[in-house]
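Since every read-out is calculated from the coordinates, none of them should be taken as a lab result. Predicted model, so just to flag it, every value in this text is computed and none were measured. Cβ: placed from backbone, ideal geometry, glycine included. Neighbour counts: every protein chain shown.
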């Protein structure tokens with residue numbers, strides 16, 4: 001159930017498509033439909049990934065050497081793609097640098113530790129920090145206290161989303177000063193810990209999930225209805241950004257638990273895992289290259305960005321596999337020829 005759940009692979013792929021849609025700009029002309037798709041449905045993806053990664057990390061953490069191997073693997077992946085996206089990151093910030101390029105090394109270090117060299121890579125430092133932060137909290141303070149801390153941090157972070165409802169000038173001033181320095185509250189301190197905690201909790205209670213299955217379905221329905229209410233509130237008075245949606249905490253937790261408990265289908269979706277990873281890491285390259293040619297914000301171009309963000313990584317992965325297979329075949333034939341010559 002934990003390592004070969006086929007529906008989880010499918011859910012991860014769908015969530016990856018949601019991430020691409022978020023980064024594709026406007027894909028629907030109607031403002032309400034655009035908000036529902038981009039700010040409600042697609043915003044489920046990142047919390048889902050935090051819960052997913054935290055769950056499997058926490059399940060496998062007791063295995064000898066697993067924690068170190070996993071964290072090193074995440075760091076290596078992050079480092080490679082951090083370097084890959086540095087040119088795009090420099091191009092993005094060049095207009096705000098005002099030719100003060102002597103600060104570039106500081107910006108690079110800050111980006112590596114906090115936001116990534118391009119804005120979708122923030123997930124890596126956030127995941128690493130929140131995994132360590134939450135697991136230390138669970139071990140030292142227990143779930144109840146850690147949950148309270150994570151909720152408090154999420155509430156503080158949500159001021160970015162609900163800034164239009166804040167009338168206290170002091171709070172607004174502090175928020176804007178923070179954003180001037182750190183750009184967003186969507187990070188490993190305010191945003192991700194609560195979702196990582198949910199993943200860890202499900203992992204520690206995985207043997208009791210079956211008996212709570214009906215509660216998960218009920219939680220999914222109730223949180224979905226609350227999401228409608230929250231969506232209306234945020235849509236009517238839109239804040240600085242729409243990253244923090246409270247309903248996603250329960251909704252994504254219940255959805256993930258239901259997927260864990262679901263029966264495997266006869267379809268093998270494990271094969272799309274590499275596509276999910278490739279799309280999530282590479283989709284911004286074709287999107288940014290498209291933006292260099294056509295930066296207009298319109299549904300038609302948004303759909304084009306989305307299609308490119310999905311198809312180009314898939315084509316790249318398939319091409320890589322083909323070349324690798326051909327090269328391994330050539331290497332195999334070469335070894336056979338050498339061995340035959342030695343026999344002769």
Exercise for the section: Mind sorting out which of (1) 20.3; (2) 22.1; (3) 20.9 is the real Kirkwood radius over Cα pairs in Å computed from the coordinates? Expected result: (2)
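Highest first, please rank the peptides 129-137, 86-94 by the mean number of other Cβ atoms sitting within 10 Å of their residues. Don't jump to the answer; show the numbers that get you there.
Working: 129-137: 20.3, 86-94: 14.7.
Highest-to-lowest ranking by the protection proxy: 129-137, 86-94.
To make sure I understand, if each residue's beta carbon is the centre and we count other beta carbons within 10 Å, what order do 176, 120 fall in, fewest to most? Intermediate values should be presented prior to the final figure.
Details: 176 12, 120 19.
Lowest count first: 176, 120.
Which FRET efficiency, nearest 0.05, do residue 173 and residue 151 yield, Cβ-Cβ r, R0 30 Å? All intermediate terms of the calculation are to be shown ahead of the outcome.
Numbers: r = 24 Å, r/R0 = 0.81.
FRET efficiency, residue 173 to residue 151: 0.80.
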Problem - For peptides 302-308, 287-293, sequence by mean Cβ density within 10 Å, most packed first - result: 302-308, 287-293
Completion exercise
Simple SL model, points at 7 angstrom along Cα→Cβ for residue 91 and residue 273; separation in nm is 3.3
Completion exercise
The relative contact order of segment 143-302, taking Cα pairs under 8 Å that sit 6 or more residues apart, comes to a percentage of 29
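So for segment 162-273, what are the equivalent ellipsoid semi-axes in whole Å, largest first, each being the square root of 5 times an eigenvalue of the Cα gyration tensor?
Values: eigenvalues 232, 57, 38 Å².
Values for segment 162-273, descending: 34, 17, 14 Å.
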Completion exercise
Fewest-first ordering of 55, 114, 165, 201 by Cβ atoms within 10 Å yields 165, 114, 201, 55
Handout entry: Mean-position separation - Cα centroids, segment 198-244 and segment 1-73, in angstrom
Key = 14
Handout entry: Inter-site label distance for residue 303 and residue 263 at 7 Å from Cα along Cβ, in nm
Key = 3.8
Handout entry: For peptides 27-40, 206-219, sequence by mean Cβ density within 10 Å, most packed first
Key = 27-40, 206-219
Fill in the blank from the handout: Unit-weight point scatterers at every alpha-carbon of segment 229-331, Debye formula, q = 0.15 1/Å: log10 I(q)/I(0) is -1.00
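Given Cα pairs under 8 Å that are at least 6 residues apart, what percent is the relative contact order of the chain? Display every interim value, and only then the final one.
On the way: 363 pairs, mean separation 103.5, N = 344.
Reported as a whole number, the value is 30 percent.
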